[in-house]
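See structure below.
The values are calculated or read from the model by the stated rules, or taken from the named source; none is laboratory data. Everything numeric in this text was worked out from a predicted model, so none of it was measured. No Cβ is skipped: glycine too gets one built from the backbone with ideal geometry, and neighbour counts run over all protein chains shown. Ligands, DNA and RNA are stripped out before the accessible areas are found, and what is left, the full protein with its side chains, is counted by its heavy atoms. Shrake-Rupley method; radii C 1.70, N 1.55, O 1.52, S 1.80 Å.
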Amino acid sequence: MIQEVRVITKQGITDSKGEEVLYDINYALGIQSVEKVRTARVFRFEGISSEDAVYLAQKLLAEDIFQEYQINGPVLEDAAVVLEVAYKPGVMNPEAASLIKSAEDLGVKGLVAADSSWSYGFYGKNITEADLDRIMNSLLVNATVEYVVRESPKTLIIQG
């Protein structure tokens, strides 16, 4: 089973990545329908329990002072649109090996695979599909190695 940990900046604290994306949307692309962007880091772990996922979130993934986490649940549910961008299956994610090694160092047993991605929450009343396509294709997705995640993967293990 895959455990998903989503880490987000707490409300009231500046989400610097979200602010950067919003700036690019407004000024580089000239799209004004997006009023705010919040981002969340998504980590997936295969082969561990939800208790181990909580342990990793507390000890490794989230900084309690300015971040919060959610295990196996959404964090951007109040956004008008949420899109997740990840490496394509088979493309090496440079964080995966570090996540596995760090989990082992913390004593978490049974982890067979790990992955990470970014989730973007877009806020605004008149965000069109054309605006989203332009944002994704111009700013957020390198189509050679990344894709928009439509549903959570069933496994992180690549076989071939």
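Is it true that Val85 is within 15 Å of the chain's Cα centre (by Cα) and either open to solvent by 70 Å² or more (accessible area, probe 1.4 Å) or under 18 Å from Val21 (Cα atoms) (or both)? Walk me through how you get there before you give the answer.
Details: within 15 Å of the chain's Cα centre (by Cα): yes; either open to solvent by 70 Å² or more (accessible area, probe 1.4 Å) or under 18 Å from Val21 (Cα atoms) (or both): yes.
Yes.
Could you please let me know if Leu99 is buried (at least 18 other Cβ atoms within 10 Å of the Cβ) and either outside any loop (DSSP other than H, G, I, E, B) or more than 15 Å from the chain's Cα centre (by Cα) (or both)?
Working: buried (at least 18 other Cβ atoms within 10 Å of the Cβ): yes; either outside any loop (DSSP other than H, G, I, E, B) or more than 15 Å from the chain's Cα centre (by Cα) (or both): yes.
Yes, satisfied.
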I'm trying to understand the selection: among the residues of region 56-82, which are closer than 23 Å to Ile158 by Cβ and not in a helix (DSSP H, G or I)?
Asn72
Check Glu19, Glu51 and return the single one that is surrounded by 12 or more Cβ atoms within 10 Å (Cβ to Cβ), part of a helix (DSSP H, G or I) and modelled with pLDDT of 95 or more.
Glu19
Here are Ala62, Ala79, Ala28: which of them is open to solvent by less than 50 Å² (accessible area, probe 1.4 Å) and either of a type in the set (Ser, Thr, Tyr) or over 18 Å from Asn126 (Cβ atoms) (or both)?
Ala62
Of everything in region 106-152 that's β-branched (Val, Ile, Thr) and touching a strand residue (DSSP E or B) at 6+ places or on another chain (Cβ under 9 Å), which residue is most open to solvent (accessible area, probe 1.4 Å)?
Val112
Given the condition under 16 Å from Val82 (Cα atoms), of a type in the set (Asp, Glu), open to solvent by 20 Å² or more (accessible area, probe 1.4 Å) and in contact (Cβ under 8 Å) with a residue 24 or more places away in the chain, answer yes or no: does some residue in region 32-39 qualify?
yes
